[in-house]
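Written out below as structure tokens is the structure these notes cover.
The values are calculated or read from the model by the stated rules, or taken from the named source; none is laboratory data. As the structure is a prediction and not an experimental result, all values here were calculated from the model. Every residue, glycine among them, receives a Cβ derived from its backbone with ideal geometry; neighbour counts consider all protein chains shown.
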């Protein structure tokens with residue numbers, strides 16, 4: 001199999017990974033608190049498979065530039081969530097998601113024309129994080145649990161929808177340079193799919209609590225992309241060492257957030 005064939009064969013694998021993840025998150029959200037479901041949803045479990053395949057057939061410089069694009073685009077995902085949280089009580093979910101995707105695209109377009117550097121990526125992320133914090137500071141993190149449970153065929157269907165969407169985004173990313181590939185790798189595929197189906201099981205308060213938790217949990221993406229950007233192209237470690245360090249950092253951040261929340265609730 002040539003490198004080209006491998007790259008295209010990897011796209012369905014990423015779609016499958018996304019399908020399994022989204023189905024698992026929906027299953028978990030219906031059986032745990034909205035906060036825990038939101039934190040799990042924020043983990044880079046859909047993004048990570050994309051970077052596995054990028055690492056396998058691109059040089060470290062490409063991976064580093066793509067990771068910087070993805071790091072900045074976490075800010076666009078935060079603004080996507082700001083839009084959904086603000087509109088969900090007033091507007092039906094389809095219209096809410098259309099506005100959220102438009103917000104993501106506008107932010108990603110701005111990022112596309114900015115210089116590719118760690119400083120710029122951190123500034124963009126910081127500005128978007130400050131906006132998300134200010135707009136969501138009064139959103140409660142507690143809400144009623146999900147109403148009922150989805151049958152297995154519904155969960156599989158939702159996962160398959162996410163997988164097909166990931167495949168489409170991956171095909172687009174495969175045709176472009178590293179910065180745009182990094183931007184589209186951070187497209188909120190899992191969020192888009194999960195949000196579409198949330199109104200069937202959670203009321204507006206539950207959706208807002210889950211997505212506010214997801215905003216907080218997106219901090220877990222930062223060590224992943226920083227590791228790929230710094231340890232890959234500029235350090236002496238191999239790409240998969242950087243990848244492993246990033247994954248461990250993401251899991252550690254998610255666990256710290258969950259433990260801090262548990263301590264807060266006990267108090």
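Before moving on, here are some points about what is shown:
- Residue 10 in contact with a helix residue (DSSP H, G or I) (Cβ under 9 Å, 6 or more places away or on another chain), farther than 30 Å from residue 258 by Cα and either surrounded by 15 or more Cβ atoms within 10 Å (Cβ to Cβ) or modelled with pLDDT under 90 (or both): yes
- Test: residue in the range 88-99 that is over 17 Å from the mean Cα position of the chain (by Cα) and surrounded by 20 or more Cβ atoms within 10 Å (Cβ to Cβ): yes
- Test: residue in the range 89-101 that is modelled with pLDDT under 80 and either touching a helix residue (DSSP H, G or I) at 6+ places or on another chain (Cβ under 8 Å) or at positive phi (or both): no
- Test result for residue 108, out of contact with any helix residue (DSSP H, G or I) (no Cβ under 8 Å at 6 or more places or on another chain), at pLDDT 90 or above, farther than 26 Å from residue 262 by Cβ and in a helix (DSSP H, G or I): no
- Residues located in the range 232-250, provided they are over 26 Å from residue 135 (Cα atoms) and modelled with pLDDT of 80 or more: 241, 242, 243, 244, 245, 246, 247, 248, 249
- Residues (without any contact (Cβ under 8 Å) to a residue 40 or more places away in the chain and either more than 16 Å from residue 110 (Cβ to Cβ) or not in a helix (DSSP H, G or I) (or both)) located in the range 70-93: 87, 90, 91, 92
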